[in-house]
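What follows is one structure encoded as structure tokens, with my remarks underneath.
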Amino acid sequence: MLVFERQRDKGTKKGIVSLCLCGFFLVMTACHGKDNVKENTDPEPGISLALATERAESISGVMYDLAFTIPAAAAEPINGKATIRFTVKDVTRPLVLDFSPDADYIKSVSVGGRPSHFRVVKDHIIIPSSELASDDNAVEITFRAGDASLNRSPEFMYTLFVPARAHLAFPCFDQPNLKARFALELTVPADWQAVSNATETFHEQAGDRVRVRYAETQPLPTYLFAFAAGKFKMESAERNGRWFRMFHRETDTKKVDRNKKAVFDLHASSLEWLESYTTIPYRFGKFDFVLIPSFQFGGMEHAGAIFYNESRILLDESATETQMLNRAETIAHETAHMWFGDLVTMQWFNDVWMKEVFAQFMAAKIVDPAFPNVNHDLRFLTAYYPPAYAVDRTGGTHPIRQELSNLDEAGSLYGNIIYDKAPIVVRQLEYVLGPNRLQDGLRAYLKEFQFGNATWLDLVRILGERTKLDVAAWSRAWVEESGRPSIRTVLEGGRLAFVQSDPQAGRSLRWTERMDVLLGAGQTLASIPVELQSERVEVPLPHSPAPEFVLPTGGGLAYGDFTLDTSTRAFLLQRLPELKDPLTRGAAWVTLWEEMLDRRVRPLDFVSLALTALEREDTEQNVRLILSYLDNAFWKFLPDVSRREIAAKLENVLRAGMERTTSSTMKATYFSAFRSTVTTPDGLAFLELVWRREQKIPGLTLSEPDEAAMALELAVRSIPEANAILGAQRDRFMNPDRKARFEFVMPALSDSPETRDAWFAKLSNVGNRRREPWVTEGLRYLHHPLRAAQSEKYLRPSLELLREIQRTGDIFFPKDWMDATLGGHNTRTAAETVRTFLSVQKDYPIRLHRIILQSADGLFRAAETGGN
Ligand SMILES: [Zn+2]
């Protein structure tokens, strides 16, 4: 699946666990006899690792025969019938099926044709062991389907069962390692289309209904089983002897016509590329995809029937090159999942990162050559390194491979470490193994486990057989443990060396990594590949001239916490903007920012360098990178007095950037940085004129959300007109949703402390937290740096609410809540409040503990810097 970028900042989970998926649970429970079917064997809610382990050991040959009758009206019930066939090894224990709707949704249960004495516990149906046979079993259940994972709208519906949401709709074994064949029959309104994983084999209309049957699927986990039905239009095309079908609801036929050729071509070329890379043909028969308006993700890789977010696939005429690149990547990513995830599936969702990272890795290989104008290495650097470091540098970081004791917590695995660090790590793996060995290993892995399940450690073993590198040790450092190496440049007496150490006391990990070190002297640049394996690696220096700077991250590859040598640091603080290669500049910025956070570069020096650099930086990715660092440094790390001193210069540079650049996206980037950092009377007057539509910024069209943001930024600065501006902005809105959001946020930046108190107090009621993005926006203004002194009193109650936030909110909400709460603070007292809170908690959930440490990292560092 491909999640939107905005959603990538998510909760985390603890530690590493050895996932031997067999044995231990059975040993513990094998003493239960046949007559001994008890309450105390009842499974816990959700799908626990223990339950999944036990079932994977005992149950095999699963086959689902499913039938659903879907009425047109979304409020009417969907009735279903499931016949589940399987073999069971251990008939001494009751059979546990997963089904979470209320007990009265179950109409009948029979086993082998006889009524069952089943029981219902939360999320499960329990069939007594006495009704089971050791060979063939057939459990037949008629039921009303739960709607929670069926996404029903008036004219269409679609399933979305990842990670374990199939059992919210129908009874099943809802775990990835009990793959099954599915045979599906759907009865839908006659004017609806229906699509599922396999080919349609039967189609019969009776009155206003049509009954459709599909061929048996290849073995699939429940999370990849899918169907969609509704008023869809269908386009089809043939490419190289293979047919593709696209289902969609777009009414603009010109838009469809404009896009469809490219969309079919992208699928066909991705498939061919993958067949050639893996040497395994596409194994799921037909190839359909469904474009769904407002789909939850960018795409979801259901075998034979990919679902996409329509807006990512059907582009407007004005689409930018970036949007086209994103579309190509989305298609290549989901297509790559047909091998990575669908053909070979993780044993358990703790390895979900693997299918994601390999799908993304393949997508980049497939797509990049078609976009030669894009600097892909710089894109990779700016997209992945800063967010990976943002978590990995904190006390709240965690390994890529995490423990997961119940699938109902699977959502919490997603976060920067999976999305941003894992791609960096796999690229490193390709460098240290060599691309051919990695490809060969992946081929062997896909072949050995096709239609089955595997773990990361299976791949580690296969790769280990192909190289002298100790892949298991490599995996321990990069995947199974948390954090990053500290790497120090030693440049003295004409010798150059890099020395690594483990920042975590008592662990002594050693990372193997490839670095493309850049040496610069005068106009000469040399790139030297260095493989860091042991604690220290010596690098031969060119005879002359002596390097003016040594940048271990210069090639955009190396990952870690780098301590530069003194002369390089001094050189970069003077001359970074003169470096010719945009990738080198990007890498230097990322490195200097980390040096600043580690207090080896003064914040004021960093900010001054950024201001100088912006005057000549012309690469959009670097401008974005510098502006985001600048904003952060300005508000968080500069003492008030420096902030005041530098304010006018900063605003001049940003306004000059707005005027100088020609692309509208660059102008927008500069404008948004200006809006966020403006503090001088002149700057505020200018912003107010723009908001009043009395001043234009040539080449930049401001939208309703832009104007709303301007009004809020002006108000939080407590300018005299603040209340009038907020009132006028409210009246300006044409869009009712945006107006409602604005009205929700307004009290959070009122100039009256009582109003702000009341707004914050309201948040303790879950009903007032439903619109989570509204809440986070309000919190960001409540805790704006200019208001931080008055809002420190909200820190403790916000921390106290976090457990409830997790219980009642979306998976991303706890991290968003903490980021918005702590983001504006930089004082010792605020840091103390957080530390005290953590120190007095007993049995505090580790995942929340980590979230707090991640969100508080900037605060802790800023408080130590002693700016305030
Ligand atoms: Zn994916």
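Tabulated values for the structure
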item	result
Any hit, region 311-318, residues being among the hydroxyl-bearing types (S, T, Y), part of a helix (DSSP H, G or I) and within 15 Å of the ligand (Cβ to nearest atom)	no
Elements of type strands (runs of 3 or more DSSP E) contained in region 183-228, each with 1 or more residues being among the charged types (D, E, K, R)	200-206, 209-214
Any hit, region 663-671, residues being in a loop (DSSP other than H, G, I, E, B), in contact with a Pro (Cβ under 7 Å, 6 or more places away or on another chain) and surrounded by fewer than 21 Cβ atoms within 10 Å (Cβ to Cβ)	no
Hey, G241 away from the ligand (no atom under 16 Å from the Cβ), at positive phi and open to solvent by less than 10 Å² (accessible area, probe 1.4 Å) or not	no
Residue match in region 337-356 (condition: in contact (Cβ under 8 Å) with a residue 40 or more places away in the chain, closer than 20 Å to G556 by Cβ and of a type in the set (V, I, T))	no
Test result for R258, within 16 Å of the ligand (Cβ to nearest atom), among the basic types (K, R), open to solvent by 10 Å² or more (accessible area, probe 1.4 Å) and in a helix (DSSP H, G or I)	no
Test: A422 is surrounded by 22 or more Cβ atoms within 10 Å (Cβ to Cβ) and under 29 Å from Y282 (Cα atoms)	yes
Cβ pairs under 9 Å, 6+ apart, first in region 714-740 and in a helix (DSSP H, G or I), second surrounded by 17 or more Cβ atoms within 10 Å (Cβ to Cβ) and among the polar types (S, T, N, Q)	A715/Q729; A715/S750; A722/S750; N723/S750; L726/S750
Condition check for R644: among the charged types (D, E, K, R), farther than 30 Å from F860 by Cβ and surrounded by fewer than 18 Cβ atoms within 10 Å (Cβ to Cβ)	no
Residue list for region 305-322, filter: without any contact (Cβ under 8 Å) to a residue 40 or more places away in the chain and either on the phi > 0 side of the Ramachandran plot or of a type in the set (A, V, I, L, M) (or both)	I306, A319
Checklist (1) within 25 Å of R484 (Cβ to Cβ); (2) in contact with a strand residue (DSSP E or B) (Cβ under 7 Å, 6 or more places away or on another chain); (3) within 16 Å of the ligand (Cβ to nearest atom) applied to R393, failing item	(3)
Exclusive hit being more than 20 Å from A262 (Cβ to Cβ) and either more than 11 Å from the ligand (Cβ to nearest atom) or in a helix (DSSP H, G or I) (or both), set E329, E356	E356
Filter pass, Q347 being within 16 Å of the ligand (Cβ to nearest atom), open to solvent by 30 Å² or more (accessible area, probe 1.4 Å) and touching a Pro at 6+ places or on another chain (Cβ under 9 Å)	no
Condition met for T69 (within 27 Å of S153 (Cα to Cα), open to solvent by 10 Å² or more (accessible area, probe 1.4 Å) and more than 32 Å from the chain's Cα centre (by Cα))	yes
Answer from R787, R738, R717, R780 - the residue that is in contact with a helix residue (DSSP H, G or I) (Cβ under 8 Å, 6 or more places away or on another chain), at pLDDT below 95 and not hydroxyl-bearing (S, T, Y)	R738
Which listed residue is open to solvent by less than 10 Å² (accessible area, probe 1.4 Å), under 22 Å from the mean Cα position of the chain (by Cα) and among the polar types (S, T, N, Q), from T278, T322, T330	T330
Among (1) within 12 Å of the ligand (Cβ to nearest atom); (2) buried (at least 24 other Cβ atoms within 10 Å of the Cβ); (3) at negative phi, the one test that G341 misses	(3)
Selection from region 526-552 of residues that are in contact with a helix residue (DSSP H, G or I) (Cβ under 9 Å, 6 or more places away or on another chain) and open to solvent by less than 10 Å² (accessible area, probe 1.4 Å)	F549, V550, L551, P552
Meets criteria (within 25 Å of K815 (Cβ to Cβ), of a type in the set (V, I, T) and either within 16 Å of the ligand (Cβ to nearest atom) or at pLDDT below 95 (or both)) for I400	yes
Scan of region 511-525 for residues that are open to solvent by less than 50 Å² (accessible area, probe 1.4 Å) and under 21 Å from V432 (Cα atoms), ordered by number	W511, T512, E513, M515, D516, V517, L518
Any hit, region 86-95, residues being of a type in the set (F, W, Y), surrounded by 20 or more Cβ atoms within 10 Å (Cβ to Cβ) and part of a strand (DSSP E or B)	yes
Any pair with Cβ under 9 angstrom, 6 or more apart, that starts in region 293-304 at a residue that is within 12 Å of the ligand (Cβ to nearest atom) and open to solvent by 10 Å² or more (accessible area, probe 1.4 Å) and ends at one that is at pLDDT below 95 and aromatic (F, W, Y)	F297/F4
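Matching residues to (1) more than 30 Å from the chain's Cα centre (by Cα); (2) basic (K, R); (3) modelled with pLDDT under 95:
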| residue | (1), (2), (3) |
| --- | --- |
| T563 | no, no, no |
| P577 | yes, no, no |
| K580 | yes, yes, yes |
| R585 | no, yes, no |
| L592 | no, no, no |
| L630 | no, no, no |
| S642 | yes, no, no |
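The values are calculated or read from the model by the stated rules, or taken from the named source; none is laboratory data. It should be emphasised that the depicted structure is a prediction, and the values quoted were computed from it without experimental measurement. Glycine also receives a Cβ, built like all others from the backbone with ideal geometry; neighbour counts cover every protein chain displayed. Keep in mind that these areas ignore ligands, DNA and RNA; they rest on the heavy atoms of the full protein, side chains included. Shrake-Rupley method; radii C 1.70, N 1.55, O 1.52, S 1.80 Å.
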